[in-house]
Every structure is written in structure tokens, then in C-alpha cells.
């Protein structure tokens with residue numbers, strides 16, 4: 001993770017984040033959707049940067065009594081380097097600081113996305129169900145995963161570090 005900085009997303013980051021959305025997703029979020037999340041007091045948005053360019057981002061939002069990991073994305077050239085893991089860990093640490101420990105975080109992931117499932121399991125998420133036919137193009141089930149923040153210990157190597165992500 002040398003040279004990678006994880007920090008809060010700012011409005012100035014929206015064009016770069018939107019460009020990544022368009023590059024990676026079939027149905028990318030619009031700039032207005034990203035802006036809405038950024039302004040939402042119940043959302044945590046962070047970016048990972050390398051040489052001041054955004055290489056990944058995460059969005060977690062609470063809606064009433066449910067907290068959901070909405071997005072975690074890393075440019076393909078930076079995958080398998082721990083960027084997504086550190087983004088997720090930092091976001092979960094911030095979530096615990098802001099919301100406390102009586103919290104459950106959920107997510108959905110394509111059943112074929114073994115790399116993402118492995119990432120979530122490494123961070124302590126457990127499978128707790130499936131949604132048949134949740135994804136389209138191609139049609140695929142979603143694996144529903146969850147994490148009790150009060151049981152989550154976080155990664156020992158990221159706790160106590162600065163937002164430099166080193």
C-alpha cells in the first residue's frame with residue numbers, strides 16, 4: 001500500500017469517481033447520484049489515491065436502522081494489491097466511530113464474484129442468504145452478506161494508522 005492514500009471523498013473528486021463508474025459498470029451511478037451520497041449525512045464516502053489520482057472508492061450508507069455497503073470499486077490496474085481491503089477497513093472504522101458498535105452492515109455481491117466474496121470474508125462478513133435473479137446481464141443470484149460491527153475487530157495492521165494507508 002506504499003504511496004496509496006485513503007481519505008474522505010470531496011466534491012472535487014466527483015468527476016474522477018464518475019469516470020471510474022463509467023469505465024467499470026454497465027449501469028454506472030450518475031454524477032447527481034454520487035453528489036447526493038456525498039451530501040448525505042448518513043453516508044461515508046472515501047477514496048484511495050495514488051499520485052493524487054483516484055484509483056478506488058467506497059460508499060456505505062445508513063437508512064433508518066440498516067447500514068449497507070453500496071459500492072466498493074478499484075481500478076483494475078490496482079486490484080490484488082490490498083486497496084479494496086484497506087478502503088473497506090477504513091470505512092468500517094469510520095462507521096464504528098460515527099455510529100457506534102450496535103450496528104449491522106449488509107451487502108449484495110454477484111455469486112460469481114469470488115474475489116469480492118473473498119475480500120468481504122477477509123473483512124469479517126458472513127453469507128446469510130441469497131436473492132434469486134437479483135442481477136441482470138447476465139442473470140445471476142446475489143449473495144447477501146452481513147457483518148456485526150460490535151463483533152468486528154478490524155485489521156490489526158490498519159488500526160491506529162493515519163489515513164496515509166501505509
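The values are calculated or read from the model by the stated rules, or taken from the named source; none is laboratory data. Not measured: the values here are computed from a predicted model. Please note: Cβ atoms are built from the backbone with ideal geometry, for glycine as well, and neighbour counts cover all protein chains shown.
Filtering the range 26-63 to residues that are without any contact (Cβ under 8 Å) to a residue 12 or more places away in the chain and within 23 Å of residue 105 (Cα to Cα) leaves 28, 33, 36, 39, 41.
Residues that are at pLDDT below 90 and loosely packed, with under 13 Cβ neighbours inside 10 Å within the range 99-114 comprise 100, 101, 102, listed in sequence order. All of (1) modelled with pLDDT of 85 or more; (2) assigned to a loop (DSSP other than H, G, I, E, B); (3) surrounded by fewer than 12 Cβ atoms within 10 Å (Cβ to Cβ); (4) at positive phi hold for residue 124 with one exception: (3).
When residues in the range 2-18 are screened for being over 17 Å from the mean Cα position of the chain (by Cα) and either surrounded by 18 or more Cβ atoms within 10 Å (Cβ to Cβ) or free of Cβ contacts under 8 Å to residues at least 40 places away in the same chain (or both), 3 of them pass.
Among the residues in the range 85-97, are any touching a strand residue (DSSP E or B) at 6+ places or on another chain (Cβ under 9 Å), in contact (Cβ under 8 Å) with a residue 60 or more places away in the chain, in a helix (DSSP H, G or I) and farther than 21 Å from residue 143 by Cβ? Yes, the range 85-97 contains a residue that is touching a strand residue (DSSP E or B) at 6+ places or on another chain (Cβ under 9 Å), in contact (Cβ under 8 Å) with a residue 60 or more places away in the chain, in a helix (DSSP H, G or I) and farther than 21 Å from residue 143 by Cβ.
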